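The structure appears right after this line, and notes come after that.
The values are calculated or read from the model by the stated rules, or taken from the named source; none is laboratory data. Small disclaimer: the values here were computed from a predicted structure and weren't measured. Neighbour counts run over all protein chains shown; Cβ positions are idealised from the backbone, glycine included. Just so you know, the surface numbers come from the protein's heavy atoms only, side chains and all, with ligands and any DNA or RNA stripped out. Shrake-Rupley method; radii C 1.70, N 1.55, O 1.52, S 1.80 Å.
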Amino acid sequence: MLGYDDVGVSSLISAGNWTILQRTMTWCGNTPANSEKGLLRLNHRDALGSATLNTISTTLVALSFGAAANTGAFNSGALTGTGSIMLSDTVGMSVVLSVGSKGSTTTYSGSLVGSGGLVKVGSGTLRLLGANTNNRGDTAVEGGMLSLSVPHLYDRSTVSIAGGAVLQLDFAGTDTVGALVLGGNAQPDGVYSSGNSGGFIFGAGSLLVKTVVAGNGSSTPTPVDSPYRLTRTWRAYDGGSALPIHRGNPRGT
C-alpha cells in the first residue's frame with residue numbers, strides 16, 4: 001500500500017512488522033499508517049514530505065518517529081485519516097509535525113497526543129475534527145488555513161499565526177492558550193476573535209490568552225527561539241524557582 005517511487009534498498013527496511021523509511025520519498029500519493037497492514041517508522045524528517053499521510057490505524061504506535069532524525073520538524077505533504085498520532089520519538093522526546101507542503105485541502109479526524117507541536121505550512125487547508133485533549137504542544141500556522149472544530153488547545157501552549165495565514169475557529173465558545181503571536185508580534189492577555197485579530201483569526205470561536213502563572217509567584221512569559229519551524233515559544237518560571245516549563249527538545253539532542 002506504500003508507494004516506493006525512487007526508494008531503494010538502503011531507504012526502505014523491513015524489520016518485523018515495521019516498514020522503516022530511511023530517507024525522503026518522491027512518492028506523492030497516499031501513504032497509509034495502518035496497524036492491520038503493517039507499521040510505519042520515519043527515520044528521515046522528509047520521508048513523507050511529498051506524500052499524504054493517512055492514519056487509518058486504531059493504535060498509537062502505528063506511526064513512529066526515529067529518535068536519530070528528531071533534529072527538527074518531521075514533514076508531511078498532507079495529513080488525513082482517523083488514527084491518532086503520538087507526537088514523540090522512539091525514546092520519548094517531543095516531536096514537531098509540519099503538515100501541508102503539498103498545498104492541498106485535507107481533513108484529519110484523529111487526535112494528536114503528547115507534548116509535541118503542529119506546524120501548518122503550504123497554501124491549502126488542514127481541518128482538524130478530533131478532540132486533542134491529550135496534546136500539550138504548541139501550534140503554528142505558517143501558511144494557508146488551519147481549521148479547528150473542537151476547542152481543545154493546551155492551556156499553556158503558544159499559538160502563532162504568520163502574516164497571510166489564517167486560524168479558523170469552527171466552534172462555539174472560547175479556548176484558552178498561554179500565548180498568542182500574530183504576524184511575529186506577541187499579544188497581551190485578552191480575548192481574540194475574528195473581530196479584533198486583524199485578519200488572523202476567523203470563525204465563531206475565540207482565544208483567551210492567559211499568561212501562565214505557576215505556583216504562588218507571578219511570572220512573565222519570555223519569548224525564546226524555537227529549534228523547530230515554530231517562530232516563537234514561551235517559558236514560564238515557577239514563582240522564582242527558575243524551573244523552565246517548555247515544549248519540544250533542543251535541536252540535535
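Brief remarks on what is shown
- Residue in the stretch 94-112 that is free of Cβ contacts under 8 Å to residues at least 40 places away in the same chain and in contact with an Asp or Glu (Cβ under 7 Å, 6 or more places away or on another chain) present: yes
- Residue list for the stretch 127-151, restricted to those being more than 23 Å from ASP89 (Cα to Cα) and of a type outside the set (Ser, Thr, Tyr): ARG127, LEU129, GLU142, GLY143, GLY144, MET145, LEU146, LEU148, VAL150, PRO151
- Residue check for LYS37: assigned to a loop (DSSP other than H, G, I, E, B), at pLDDT 90 or above, open to solvent by 10 Å² or more (accessible area, probe 1.4 Å) and on the phi < 0 side of the Ramachandran plot: no
- Complete set of residues in the stretch 101-118 that are open to solvent by less than 20 Å² (accessible area, probe 1.4 Å) and assigned to a loop (DSSP other than H, G, I, E, B): GLY110, GLY116
- Positions within the stretch 87-100 being at pLDDT below 95 and either surrounded by 21 or more Cβ atoms within 10 Å (Cβ to Cβ) or of a type outside the set (A, V, I, L, M) (or both), in sequence order: LEU87, SER88, ASP89, THR90, GLY92
- Per the conditions (1) open to solvent by less than 10 Å² (accessible area, probe 1.4 Å); (2) assigned to a loop (DSSP other than H, G, I, E, B), the sole criterion not satisfied by VAL150 is (1).
- The set of residues from the stretch 121-147 being over 19 Å from LEU63 (Cα atoms), open to solvent by less than 20 Å² (accessible area, probe 1.4 Å) and under 12 Å from the mean Cα position of the chain (by Cα) comprises VAL121, LEU126, ASP138, THR139, ALA140, VAL141, LEU146.
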